[in-house]
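As structure tokens, the structure follows; a few thoughts come after it.
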């Protein structure tokens, strides 16, 4: 019975209030203790392996012998210049080993295109879910969650079936009499990779964008309307800026992993659609040069990190986030 | 309202775009032909029967089930205390630790795969096996399981735990009698989603497996042979059904749990 409940004191809801320093220290120790299994996993399966990758990138492989003496040769080779010019897409590379640089630029470009496509496709869907769906919202969310969890390999595989020479689009158009011979330009090119990446990742961003839209205080929208803002102006001045941090985070969750994607270029990219992930795999297997593979993957991660941080700084991401968190 | 209809139409088209290509797989898996081509030739279940007769497929399925089960049990067991710690305790460096826990979500899986490959083969000299695959899967399932559990633990009324503690229950008893039952829907979701992640994962399994295949690695190996396409379609459809059913069950349990405990909370 509520009348017999002891009145809540403010202190009862703040378990860590500074009664004594020791109680707070004990709380911190207990917290870290509970976290320790997860920390051990992260340390032993993320931090140490990446450390091992760094160490290996300073080794060299020649034939079947692995030379474990410290050298910068792999990095030197990646950045070495050469008289010989390599042309690619109208760009000239004076590099001794131009393949990784070209594949890196290509991967960044393809991944960027896919990311932009994903955000443009997902944003209206998330907007619809946040502002228009009143009933059966849970059902909509489940419908959008299922693709998120279906096998990535299968989503890519399905595009191979859709776009293939003997695939669904070609045979469909032929049986309708619209074309006489299969269209060969559908599969095994960069466009197929970008389309497949966009489709495979679009399910990942709808829900994060939806969450950032859902958090927007509705009374702000009412206030804007009451003060005479048109619907479009209200969107541009309130909804878009406040949902921007969440949208950018979601976009990065697509951009960063897709730069190093391996499955998609392998299945639908053909020779023209290869990306840097394919090179890493080849260096570790066929070319039997794991140290170079380690160096390439580390340089790739560093370039991605540098680009992302520069981008976030340029757009003032942290200020934006602080503003929308109010 | 015109604009409202425009967005609704867009939403329907969006769902069609997301589901359409994937549903091509089950569609052609029942098609009585070696090629995945229109017009459809007729209904058959023979691709499923033939697929089932293949020894390596069954072996890969058993491997995937074993790994998935082991990975999800271990990962959830690690994620429960981690989620409790993050949602209930105050300690320095929490934001940094939390972002580190979520790191496997953004690092390209090929980087995780080769980093694990290097330390396993060159530093520890452990032969590749299903165990090494499982270890990699624990790493990528952990952020998902932890966030599912965190959102569940944040979702229910904390005063119930405080009441238990104020009434003199020791922490472990409070956990078993209050926190655990309330977190149970989240724990079940975490178990199901951890299983799906491992069951569907390809890149890490591809790099870290020895002679044994998991189901996605087996499927990938079949894609090279055009004449094995029908079997691959049938197998792919089967994997789709498994993950779809598990996701729906997990979502329903999670939603229902939230609704029944916090009536005001949708």
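Only the coordinates and a few stated rules stand behind these numbers; no lab work does. From a predicted model like this one, the values you see are computed outputs, not experimental measurements. With ideal geometry, Cβ positions are generated from the backbone for all residues, glycine too; neighbour counts draw on all protein chains shown.
The table that follows gives values for the structure above.
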| item | result |
| --- | --- |
| Ranking of A:59, B:52, A:318 by count of other Cβ atoms within 10 Å, fewest first | A:318, B:52, A:59 |
| Residue list for the stretch B:104-129, given a label point 7 angstrom along the Cα-to-Cβ vector of residue B:151 and an amide N cut-off under 16 Å | B:105 |
| The stretch B:123-154 residues near the modelled residue A:148 label - backbone nitrogen below 18 Å, point 7 Å along Cα→Cβ | B:140-154 |
| Rounded Å value of the spacing that divides the Cα centres of the stretch B:83-120 and the stretch A:261-303 | 24 |
| Sorted by Cβ neighbour density within 10 Å, fewest at the top, the residues A:36, B:99 | B:99, A:36 |
| Helix axis angle, B:180-200 relative to chain B longest principal axis, alpha carbon, degrees | 30 |
| Helix B:130-155 axis, angle to chain B major axis (alpha carbon atoms, nearest 10°) | 50 |
| Spin-label model distance (nm) - residue A:313 vs residue A:173, 7 Å beyond Cα toward Cβ | 4.7 |
| Estimated distance in nm for a label pair at residue A:214 and residue B:34, the labels positioned 7 Å out from Cα along Cα-to-Cβ | 5.0 |
| Spacing of the two label points (7 Å from each Cα toward its C-beta) at residue A:67 and residue A:320, in nm | 4.7 |
| Förster radius 60 Å - calculated FRET efficiency between residue A:237 and residue A:43 (Cβ-Cβ, nearest 0.05) | 0.85 |
| Packing-based exposure ordering (other Cβ within 10 Å, fewest first) of A:163, B:184, B:65 | B:184, B:65, A:163 |
| Choice from B:48, B:220, B:19 with maximal GNM fluctuation in chain B (Cα, 10 Å cutoff) | B:19 |
| Theoretical FRET efficiency, 1/(1+(r/R0)^6), r = Cβ-Cβ of residue A:30 and residue B:123, R0 51 Å, to 0.05 | 0.90 |
| Selected from B:50, B:201, B:251 as most flexible by GNM, with chain B as the system and alpha-carbon contacts under 10 Å | B:50 |
| Global geometry of chain B, whether rounded, prolate or oblate, following the gyration tensor of its Cα atoms and the 1.5 cut on a/c | oblate |
| Max mean-square fluctuation residue, GNM over chain B, Cα-Cα springs under 10 Å, options B:32, B:200, B:166 | B:166 |
